[in-house]
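Chemist: Structure provided below as structure tokens; questions to follow.
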Amino acid sequence: MRLFILSVCCVLCFMSKSNAQAAKHSSSSEIYHAIQKLNFLGSALYIAAHPDDENTRLISYLSNHDKARTGYLSLTRGDGGQNLIGPELRELLGVLRTEELLAARRIDGGQQFFTRANDFGYSKHPDETLALWNKEEVLGDVVRIIRQFKPDVIVNRFDHRSPGSTHGHHTASAILSVEAFDLVGDAKAYPDQLEALSTWQPKRMFFNTSWWFYGSEEKFEKADKSNMLSFDVGTYYPILGVSNNEIASLASSQHLCQGFGRLSTRGSQKEYVELLKGDLPKDENNIFDGIDTTWSRLEGGKAIGELLVDVEANFNFNEPSTHLPQLLKAHKVLSALPDGHWKNIKKKELEEIVLSVCGLYLEASATVPTAHLGAEVAVEIEAINRSAANIQLKSVAINSEQKITENQPLIPNEKVTLETTFTVPTTTEFTSPYWLNEKGSLGMYKVTDPSLIGKPETPRAFFAQFELDFDGYIMSLEKEVVHRFAKNDKGELYEPFEVLPHATASFKDKVLIFSDGTPKQIPVTVKAHKDSAQGEVVFRSTKGWTVETETKAFEILKKGDQQTLIFTLTPPDYEEESYISPLVKIDGQEITKELVEINYDHVPKQSILLPSETKVVRLDIQKLGQNIGYIVGAGDDVPTSLKQIGYTVHLIDPATITKGSLAKYDAVVTGIRAYNVVPELKFKQKYLIDYVENGGNLIIQYNTAGRWDKQFDDIAPYPLILSRDRVTDENSEVKIVADNHSLVNFPNKITEADFDGWVQERGLYFPNEWDGAFTPILSMKDSGESPTKGSLLVAPYGKGNYMYTGLSFFRELPAGVTGAYKLFANMVSLGKEKVEITEKVKG
């Protein structure tokens, strides 16, 4: 298996974190594969709603079998989901999932696009989805991306004809795609786009159907397929040494934060697409049948095609550089044509092939990973020609400035190294995801520059322009400025070169809970992004919240170092929610951003500048019990939140659980999806139940049914069946159906008002069947549905209490929702009112 992965990585130039910014190293087989793609002038666009919705089998098939320019338009960045590998949620999760999609596309050969739609969480109907997304704006984004990409064929992942049968985002993506198909060629539709774009009309549209949409394989077998095409996506590529499904498996396995790592698959496998619009191809195995995908499609392209098709037909695998004269001749003819869609695309592809056949390596590496405005940056230039071709490096420039004129011959296999510097202009935008630069809404990101809409990432600020002389023919090539370095335990690594403010400041916690009027010391961490950083931090708060000293100075000698300033904050004497923020004043700049870094091995390092602020909550809350044992699940921050209200939280390693070892805790809590992601629990479940029987409170947060070991069928001491029931409207009405139960009366009185201000959802994966020993506490429903009572269930067992909850505490507590804190404190305190009464009587 290891050898297979290494093979695929080499064949496909798979770029992990360590080499995502590195130049490609192409074998002769890969160069030949690229030439095959160069000679195919056809495009397909796959459209769905989220990261992981894409069918990597079909995307890879279109890209590697048909050789088509293939794109995936994910309407959202997956911001509303969960994270199995780290703490990132919401906007940060969207950044991580964006990079995982790009990692998948680097493997399957596709390109990636997005709209401004924000994944606000699960939606049960497309009407709700489109209302929150702002249908007209997202539809306009889909139209814009189709006009940019100009696909001949569009394939929808989901069926637009079945609203309410699946996630509302899914159906909405298909609805918008179908509508956009009829609008992209209409000059009256979104006419403002036509200042930079032109109308376009795709040839045909399909729905990527399967037996799943028919309910069973038997039903699909009997279905009328006269309006469908089918493809064997398990085809084997001898030139690459892998099958299509092996490529697809590795691509989809990049979605690690969603738990999509999986075994590779091999062998024949059918994919079906159902025609929705346009004409059905006569060749049922060729989605591009009837579309001119040759060089003749481009005006003046016939002569180019004759040259390049000959290169493909007579490719020299031993000495690819023998084709350089034909490739340069084709480049010359292509460059002379008027600018246009296919010319611009194919010119870039051809230039990459020219580099590859010569083994020509070009790199511009900044000696530092980041720089501030006005900084002088040293860049190391490397160029090496690993062929017999006569090539001369005429010049190198960074962003067309600081040009080095060398006229340096590139003697075969002799490395040329140069050094230059450039100054970061003070007008340069800071490096950060463009869709997070301004505050958006629940359903939409705000992007004011229309040229950015659709792009997966913020375009990089600095490039090196290499001017090369190929035996008298001049060609200019551009390479992104990166940062190359090495670590003893990881070897050679590449990171993006990024521009940051002179300094940033952040709070440790995103929510601070004041359970009484006692002041708290609030640390503010200032990080320097330049040497000799001197300035001051102004602690900003609102009326009612008082700060002992509002302004404090900082001085940090070395770039990358940080200093912590302590401010004393006193809350009001009444319940109140507000925000505090640090304002950094340095070198004439006023900075209100904090730097957040995402750094995993499977994606490039990301630097995100977000508003630096913390929610502060003055809350009158009562609680009994002090020590909580917490078994961490899938990426929630509930332990930090519980510490905020004074609990001592002990993180429990499941491997250490033995009979009686949990008795010291007032409550034991399992994190979200713990039974899905912590396999050790199947051996420790009996001890958890023993803990309850002996007087403990066990709180189980939501799990997803069917995604655990069969030994987990009995996660409760009584029968309990999980379902996919959920309530997605965070403002939906909640009724307390067990109003006399201590869970809603002690030590805090819980009312329906405590469910105001919840975020994203009420909860998910509620049980829908349970034993009579359980008492349902709450009733809730989404509009148009019957009430469900499975969101919070409690059952006495022995001397203790077992609680199962699908309420989204993992979202509400980190968001500082006061009612959620009160309810959770009651769950931990359950049964302890008897102890309190006994102690009073004794007293």
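Rule-based calculations on the coordinates, nothing more; no lab input. Owing to the predicted nature of the structure, the values given are computational and were not obtained by experimental measurement. Note that each Cβ is placed from the backbone with ideal geometry, even for glycine, and that neighbours are counted across all protein chains shown.
Chemist: Rounded to whole Hz and in sequence order, give me ³J(HN,Hα) for region 755-769 from the Karplus expression 6.51 cos²θ - 1.76 cosθ + 1.60, θ = phi - 60°, writing x for Gly and Pro.
Modeler: Along region 755-769, the couplings run 9, 7, x, 5, 10, 6, 6, 8, x, 8, 6, 6, x, 10, 9 Hz.
Chemist: Follow-up. Can you pull the Kirkwood radius for region 381-428, inverse mean 1/r over Cα pairs, to one decimal in Å?
Modeler: 12.0 Å
Chemist: Right, here's the next one. Taking a cut-off of 17 Å between Cα atoms, list the aspartates and glutamates near residue 403, but don't count ones fewer than 8 places away on the same chain.
Modeler: Within reach: 363, 376, 380, 382, 419, 467, 469, 478, 480.
Chemist: How long are the semi-axes of the equivalent ellipsoid of region 627-839, defined as square roots of 5 times the Cα gyration tensor eigenvalues? Whole Å, largest first.
Modeler: Working from the Cα gyration tensor, I get semi-axes of 24, 20, 17 Å.
Chemist: Ok, one more. Among the listed pairs 446/643; 124/684; 605/643; 520/615, which have their C-alpha atoms separated by more than 25 angstrom in this model?
Modeler: Those over the limit are 446/643; 124/684; 605/643.
Chemist: Let me ask something additional. Principal axes first, then extents: for the Cα atoms of region 766-823, list largest minus smallest coordinate on each axis, whole Å, largest first.
Modeler: 35, 31, 14
Chemist: Along its principal axes, what span do the Cα atoms of region 52-188 show, with the longest given first and each in whole Å?
Modeler: 40, 34, 26
Chemist: Taking region 361-494 as the region of interest, what is the percent of Cα-Cα pairs per 10 angstrom bin, listed from the shortest bin to the one with the maximum distance?
Modeler: Pair shares across the bins are 11, 33, 29, 20, 6, 2.
Chemist: Under a cut-off of 17 Å between alpha-carbon atoms, report the lysines in cross-link reach of residue 585, not counting same-chain residues fewer than 8 places apart.
Modeler: Cross-link targets: 527, 530, 552, 559, 593.
Chemist: Could you estimate the translational diffusion coefficient of region 418-463 from the Stokes-Einstein equation, with Rh from the Kirkwood formula over C-alpha pairs, at 37 °C and 0.692 mPa s, in whole µm²/s?
Modeler: 256 µm²/s
Chemist: What's the magnitude of the charge dipole for region 361-494 around its Cα centre, counting Lys and Arg as +1 and Asp and Glu as -1 at the beta-carbon? Answer in Debye, nearest 20.
Modeler: Computed about the Cα centre, the dipole is about 400 debye.
Chemist: What's the Kirkwood radius of region 305-426 in Å, using all Cα pairs?
Modeler: 16.6 Å
Chemist: Ordered by residue, what ³J(HN,Hα) values in Hz, to whole numbers, does region 592-602 give under the Karplus form 6.51 cos²θ - 1.76 cosθ + 1.60, where θ = phi - 60° and Gly and Pro are x?
Modeler: Couplings: 10, 10, 10, 9, 10, 10, 10, 9, 10, 5, 8 Hz.
Chemist: Using the 2.2 N^0.38 Å rule of thumb for compact globular proteins, work out how region 598-703 stacks up: its C-alpha Rg over that value, please.
Modeler: 1.29
Chemist: Report, in whole Å, the centroid distance computed from the Cα atoms of region 316-346 and region 564-626.
Modeler: With region 316-346 and region 564-626 each reduced to a Cα centre, they are spaced 53 Å.
Chemist: Right, another one. What are the extents of the Cα atoms of the chain along their three principal axes, listed from largest to smallest and rounded to whole Å?
Modeler: Answer, in whole Å and largest first: 101, 74, 55 Å.
Chemist: What is the Cα radius of gyration of region 503-618 over 2.2 N^0.38 Å, N being its residue count?
Modeler: Output field value: 1.14.
Chemist: Further, regarding this structure: Using θ = phi - 60° and the Karplus curve 6.51 cos²θ - 1.76 cosθ + 1.60, what whole-Hz ³J(HN,Hα) does each residue of region 561-571 get, with Gly and Pro shown as x?
Modeler: Each residue of region 561-571 in turn: 7, 9, 9, 9, 9, 10, 10, 9, 10, 10, x Hz.
Chemist: Rounded to the nearest 20 Debye, what is the dipole magnitude of region 86-130 about its Cα centre when Lys and Arg each give +1 and Asp and Glu each give -1 at the C-beta?
Modeler: Using only the charged Cβ atoms, the result is roughly 100 debye.
Chemist: Where the only charges are on Cβ atoms (+1 Lys, Arg; -1 Asp, Glu), what is the dipole of region 627-839 about its Cα centre, to the nearest 20 debye?
Modeler: So the dipole magnitude of region 627-839 works out to roughly 500 debye.
Chemist: Let me ask you something else. Rg and Dmax of region 78-134 over Cα atoms: what are they, in angstrom?
Modeler: Taking only Cα atoms of region 78-134, I get Rg and Dmax of 13.0, 35 Å.
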